[in-house]
Every structure is written in structure tokens, then in C-alpha cells.
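Below is one structure; the comments refer to it alone.
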Amino acid sequence: MGFKEALAKGEFVITAEVGPPKGTDISEMVHHVEALKGKVTALNVTDNQSAVMRISTLAVSKILLDLGVEPIYQMTCRDRNRLGLQSDLLGAAVLGIKNVLALTGDHTTLGDHKSAKPVFDLESVQLLQVIQGLNEGHDMAGNELKGKTDFFAGAIVTPEANPFEPQFAKFEKKIEAGAKFFQTQAVYDIKKFHAFMDRASKYNVPILAGILLLKSAGMARFLNKFVAGISVPDELIQELANSEKPLAKGIEIAGRQIRELRNVCAGVHIMAIGAEDKVPDILAAAGI
Amino acid sequence: MIVAEPKKLEEIKQMTDKFDRILMVGCGTCTTVCLTGGEREVNLMATALRLARKVEGRDVEIGEQTILRQCDFEYIDELKDVHNYQAIVSLACGAGIQGIARKFPEMPVLPGVNTKFIGFNEEFGYYTEQCKACGDCILHLTGGICPIARCAKGLLNGPCGGTNNGKCEIGSDKDCAWTLIYNQLERQGNLKQFKEIIAAKDFAKAGNIRSMDLRKAGD
Ligand code: SF4
Ligand code: SF4
């Protein structure tokens, strides 16, 4: 069953992600995808993640289709203007890509080509509107398309953002602009997540909670220090620090988090960041 | 005002290397206010350049003049004995430098500053950008705070996921414009405005080769 259909049916949906590599050797990526095939409903394909240049998302999404895995095509507004975004979307549609995750994208100065001219001609909310327009059969300028798209568009939200209110208002705008599902930034504070879900549930849009695999106490501290909207609680950091096998501990923690979220939201989105082959272990730890 | 920073002496030295008689021209308006290209800075830069050339044993003659505005042709007319020099170094903004270049097309005109932005002076020696001259002002929608100039991504519909305790993802020393806008609209009891989707910008209005023609009637 496809991603959209599984959400519509109310199944607890699991997604994970693959990061396209830098360079033309895709063997490791293909290995990861194959390890996840059948274990997850769909796989996100990141778009020059963290503003680091890699293989194009469109190409890797097509490779996923060929491998028999449903892609969620991530599209940021950082590297292309409205012409580029729309033409890639039409390209994705004819290649058979159904799901698009609309993002603004990290700033170029955070990546590996710091001197690049950042585009941001559009941003996530406007990109969602554009996708809606393509689905209706017209481009952004109002020109009629010869053949329309049929995308299932989604967006992201950061339930632990600080301050939270502006983030929530933007979440509402994304729904208004056509977001049909959400994946969240990593969730660690279950209380805050409950509070977010209480307010979000009235919109009846499926939300997949982000699960970020912690591989060590050092990694957790790094996230707290450098990644906005993520705060790993001290207890978890201690748990990792006290463990002799931190990776196994991280897998156990992720499994536990998924169990806790099972009845709270529509599914989970697992970010294993380079350890995609561990996703099946996380699912086993979650009892799925 | 327009804010500019002085170019490094080394760069100015390289640009002027083949000239022995240089006119250095300051501007009495914006670059004077931002302490980059007024009478005082012309004197400092000229003195430094003379010294640097002396060290190399190649003396240079530098004339120093400062006019009220280099972006206004009538003031440029006040410059004296320009043709006694081989080149002009201008310490005005990009418009001022080009004003001089337009008036003296036969002379090489060299930039002595890097023009940075339209902004204001927050405190002594500290300037911030406020406007990108986008050609279609939306400050009435954003609580008087410009997201085009002050959000790192020029976003129009609220903060990105990178905002961190009210700071921007590109650096914790920079305020997140969208947090400021939210707080401002909240203060004004106008969060309704925040929730309205702002359409994609018409960047044709911010494009190159812009002009304004007041002679055109009825537009
Ligand atoms: S909206 Fe445009 S004109 Fe208005 S302050 Fe910002 S950049 Fe300047
Ligand atoms: S953190 Fe705020 S100012 Fe910085 S890019 Fe994001 S929205 Fe813009």
C-alpha cells in the first residue's frame, strides 16, 4: 500500500530517509535502501541536506522507484527559483513520484559552498501553494498546463521550537497552503509533543513524529548545542553515557520513543543519519 | 543612509600601483556619517598610502578633496584640478563612485570602499542593514520590520525551523526577524496579520537596470 493510502487508512506509518551521496558511487546508498525495503512505507530523499552539495533528489527518487521503494521527494527553495522548482516538479510527476515534502532549506552559509548565492525566490508556504496550483492544472503564473500533477504534498513542523507560537502559526499557514501531511523535527520532549498534538489534532492532518537515532552522548550534546529545535533531555544523555554500547542504547531509546508515540500520532519518521541499516533494529526494539 | 566599509590598504595600493598622481575624493554625506569616506578618512587613507609607497621608494602625489555629495553632479563640478591627476580614488558609495566616473569618462575611477547596504547606526561604530530596496515595500504587513533585508532567507510567512531562542540559524548574534515581527504584531494586537499568507514576491521589481521616471504622467 502506498504512503498516502496508508495514512488515509489510519495505519501507523513508518518512514525513514536516505541522504544522496556526494559523488557517483551509490552502492552504499542502494544497500541502505534495500535494507529498508518492505520495512518502511516510504523513504524521504533529502535535498542537498544541510546545504551540502550531493546527487540531485530527483535522480535519487527515481532510483528508489526503480528499486521498488516509494520516495518522498524533499524539495527546498534554497537552490532553485520558481522556474527551476516547477520544472523539477513536473519532471518528478512524469517520473512517477507522488509525494513531495516542501521545505525552505537550510541557509547556504551552513553548508559546504558558503559563497553560493542563496535563492529563496519562494519559501515553504508558497511552494505548497505552487504544488496545489500544479495539481489544479496551472503554473504559478496562471498558465494552463498540458497535463496536471497529482502530488501528495507535505511539510515539516518543529514541535519543540523556541519560541513556539510563531512556529505554530506557520504550521497553520502550511495547512492552508495545501500541506496534507507533516513530518516533525526530532521529538524528545513527549510532554511538549502532546501539547502540540492537542492543538494540532483539530486540523485532522496526519503527523509523523521525528525520531532521530542518538548514536552517542557526544552526538546528543552536539545536537543540543548546534541544532535548533532539538533538546535531548539530560536523562537520555546520561543513559547513553553510562552505556558500554551507546549505539545499541540509542536503538533501544528510539524503539522506546516509538512505542510511546504509537497512540499519539499518525506515524513516525526515523532519521538514522548514515545508519539507515539500523532502522530495522529500531523497529524491532519498538515491537513493530 | 548607505553604509560602506573601507577597502583594505593593500587592495587600494594594488589598484593604484601604476599611478604616481592620484586624487582621493571623499563624500560629505553617507560615507562621512558611517566614518568610511569623509574628509578625515580621506586624509587617513591618503597618508597610509603615501607611507606605503615611500617604504617601497616610489613616492606618490595624492590630492585630497571632499565634496558634499558624489551622487549629485552639481557638487562633483566643485572638484578642482582633476586633470592634474592620473586617477581618482573615490570614498563614496557605489552611486557616488559612478557619479565621478560619469563626469570624468577619460579618467580611471577606482573604488576606495565596499558599499554594503542601506541601514542605520545602532551604536557607535555598529551599523545594521534595514532595507534591500526591493521596489515593493511590505512593511505595513510585517510590523515595520523588513523580512527581506533582516531575515537571512528573506522569508515572507514566518520563521524557518532554524530559529533558535529568537536568534537566526546563521548566527546566534543575529536576531531572527520573524520572531521580532511576531512579537511586534502581538504587541499591536494584530496576530491576524501574521496568519495571513503573503504571496510570493514580484522580483521583477527588484531586478537590474531599474529607473524611476517622474516625467511619465498618470502611472
Ligand atoms: S520591504 Fe522592500 S522596500 Fe520595504 S524595507 Fe524591505 S526591502 Fe526595503
Ligand atoms: S532563523 Fe529567522 S531570520 Fe534566520 S532565516 Fe530563519 S526565519 Fe529568517
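None of the figures in this text is laboratory data; all of them are computed from the coordinates on show. Predicted, not measured: the structure shown is a model, and the values here were computed from it. All Cβ positions, even for glycine, are placed from backbone atoms using ideal geometry, and neighbour counts span all protein chains on display.
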### Message
So if I take the centroid of the Cα atoms in the range A:249-265 and the same for the range B:1-44, what is the distance between those two points in Å?
### Response
62
### Query
Distances over 12 Å make up what percent of all Cα-Cα pairs in the range B:99-152?
74
### Query
Applying 1/(1 + (r/R0)^6) with R0 = 22 Å to the Cβ-Cβ distance of B:Q188 and A:A195, what FRET efficiency is obtained, to the nearest 0.05?
0.25
### Summary
In terms of the alpha carbon gyration tensor, root eigenvalues a ≥ b ≥ c, rounded if a/c is under 1.5 and otherwise prolate when a/b exceeds b/c or oblate, the protein assembly as shown is prolate
### Task
For chain A, just list the percent of Cα-Cα distances falling in each 10 Å bin from zero outward, please.
6, 28, 38, 23, 4, 0, 0
### Residues with amide H under 5 Å from that of B:A92, placed H, sequence gap 5 or more
B:I97, B:G112
### Message
If I model a spin label as a point 7 Å beyond the Cα along the Cα-Cβ vector, how far apart are those points for B:E64 and B:D77 in nm?
### Response
2.8
### Message
Can you tell me which lysines have their Cα less than 26 Å from the Cα of B:K54? Leave out same-chain residues fewer than eight positions away.
### Response
B:K7, B:K8, B:K13, B:K18, B:K80
### Query
Mind checking the alpha-carbon convex hull of chain B and giving the volume per residue in Å³?
167
### For B:K167, residues with placed amide H under 5 Å, excluding near neighbours
B:C176
### Message
Taking just the alpha-carbon atoms of the range B:2-117, what radius of gyration and Dmax come out, in angstrom?
### Response
12.8, 39
### Query
Looking only at the range B:176-216, which residues have a backbone nitrogen under 20 Å from a spot 7 Å from the Cα of B:C131 in the C-beta direction?
B:177-178, B:181, B:201-215
### Query
Among the aspartates and glutamates, which have Cα under 12 Å from the Cα of A:K114 when same-chain residues fewer than 8 positions away are ignored?
A:D106
### Query
Leaving out same-chain residues fewer than 8 places away, which lysines sit with a Cα under 22 Å from that of A:K37?
A:K4, A:K9, A:K62, A:K98, A:K278
#### Entry: Entries in A:K174/B:K201; A:K191/B:K174; A:K173/A:K225 that, when Cα-Cα distance is taken, lie over 19 Å
A:K191/B:K174; A:K173/A:K225
### Task
Kindly identify the range B:132-200 as rounded, prolate or oblate by the Cα gyration tensor criterion: order the square roots of the eigenvalues as a ≥ b ≥ c, call it rounded if a/c is under 1.5, otherwise compare a/b with b/c, prolate if a/b is larger, else oblate.
oblate
### Task
Give the range of the longest stretch in chain B that excludes all GluC sites (Glu not before Pro) found in loop regions by DSSP and having at most 13 other beta-carbon atoms within 10 Å.
B:107-195
